[in-house]
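Engineer: Structure provided below as structure tokens; questions to follow.
The values are calculated or read from the model by the stated rules, or taken from the named source; none is laboratory data. These figures come from a predicted structure and were not determined experimentally. All Cβ positions, even for glycine, are placed from backbone atoms using ideal geometry, and neighbour counts span all protein chains on display. For the accessible areas, the whole protein counts, side chains as well, though only heavy atoms, and no ligand, DNA or RNA atoms are used. Shrake-Rupley method; radii C 1.70, N 1.55, O 1.52, S 1.80 Å.
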Amino acid sequence: NFLVAQGYSFEMRGFKKEVPFRICAETVTLKGKKFTTELTLRNVDIRLHPFMLSLAFKSEVLGGRLEGRFKVFNGLSAEIKDADIEPLCRALGFQGQGFLSGKVIDNKFQFKVKDAIFQDVVLANNYIPLSAFSEVKGVLVMQGDVILINPLSLESKDGYARINGKITENEIKGIIEFMPTLDAQWQSLLGNYRLKERYYRIPLRISIVKRE
């Protein structure tokens with residue numbers, strides 16, 4: 001199992017076997033040895049299709065819906081709709097609201113966040129103007145122990161930003177390129193990162209707390 005090989009484990013509660021080739025559970029919790037954050041799936045329903053060498057699954061996650069399919073020869077594909085991002089933002093050390101939707105194909109997760117509301121944050125002494133953005137979209141690619149941010153974009157009427165970087169077991173590290181619509185309002189806050197008119201490069205570094 002790919003996730004088990006990456007150091008993750010599963011905890012299942014309320015397990016029951018229904019008609020042949022169907023498994024249900026009240027909750028399935030995904031835990032990582034390296035991280036404090038857990039991800040819990042609720043009302044999990046898995047249907048096996050042995051003659052097609054595949055399984056289909058659906059559940060609730062972060063207040064949204066998760067549905068997908070795994071095929072032996074075609075790999076994993078899944079779709080998530082309208083998941084609440086607030087617990088994820090809180091786990092990363094800042095305040096944010098919005099609803100996430102996206103698709104997973106094998107090791108790639110392509111997503112977007114709508115109706116986003118963020119608070120500005122200072123990370124590793126770097127000011128990040130998150131409140132300037134209301135829409136987020138991006139791609140995450142898992143490569144061994146590293147998740148590549150490839151890239152992530154933030155947009156609004158106030159400007160555009162692009163994040164490239166990577167997520168390891170210890171930290172999230174990368175660069176934010178910020179291109180505001182109006183330069184003047186940001187110079188006093190971001191002057192140290194200004195390389196030219198309406199272009200700022202801000203270092204991004206977030207430490208990830210390990211599980212004991």
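Engineer: Can you give the Rg to Rh ratio for the chain, taking only C-alpha atoms and Rh from Kirkwood?
Structural biologist: A ratio of 1.03.
Engineer: Whole-Hz ³J(HN,Hα) for each residue in the range 43-51, computed from phi via Karplus 6.51 cos²θ - 1.76 cosθ + 1.60 with θ = phi - 60°, x for glycine and proline: what do you get?
Structural biologist: Once rounded to whole Hz, the list reads 6, 7, 10, 10, 10, 8, 10, x, 6.
Engineer: From the residues ASN107, LEU204, GLY93, which one has its Cα farthest along the dipole of the chain in the positive direction, the dipole being from +1 and -1 charges on Cβ of Lys/Arg and Asp/Glu about the Cα centre?
Structural biologist: ASN107
Engineer: Let me spell out the model: positive unit charges on the Cβ of Lys and Arg, negative unit charges on the Cβ of Asp and Glu, origin at the Cα centre of the range 18-173. What dipole size does that give, in debye rounded to 20?
Structural biologist: Dipole of the range 18-173, to the nearest 20 debye: 440 debye.
Engineer: Would you pull out the residues with amide H under 5 Å of LEU39's amide H, same chain only if 5 or more places away, H placed 1.01 Å from N?
Structural biologist: Here LEU30 satisfy the definition.
Engineer: Another question, if that's okay. Give me the percent of the accessible area of the chain that comes from carbon and sulfur atoms, probe 1.4 Å, all protein chains in place.
Structural biologist: Working: 7010 of 12990 Å².
The nonpolar share, carbon plus sulfur, comes to 54 percent.
Engineer: On average, how much accessible surface per residue is there in the chain, in Å², for a 1.4 Å probe, leaving out ligands, DNA and RNA?
Structural biologist: On a per-residue basis, the chain sits at 61 Å².
Engineer: Moving to a separate point now. What is the Cα coordinate range of the range 142-212 on the first, second and third principal axes, sorted by size from largest, in whole angstrom?
Structural biologist: Extents along the principal axes, in whole Å: 45, 21, 19.
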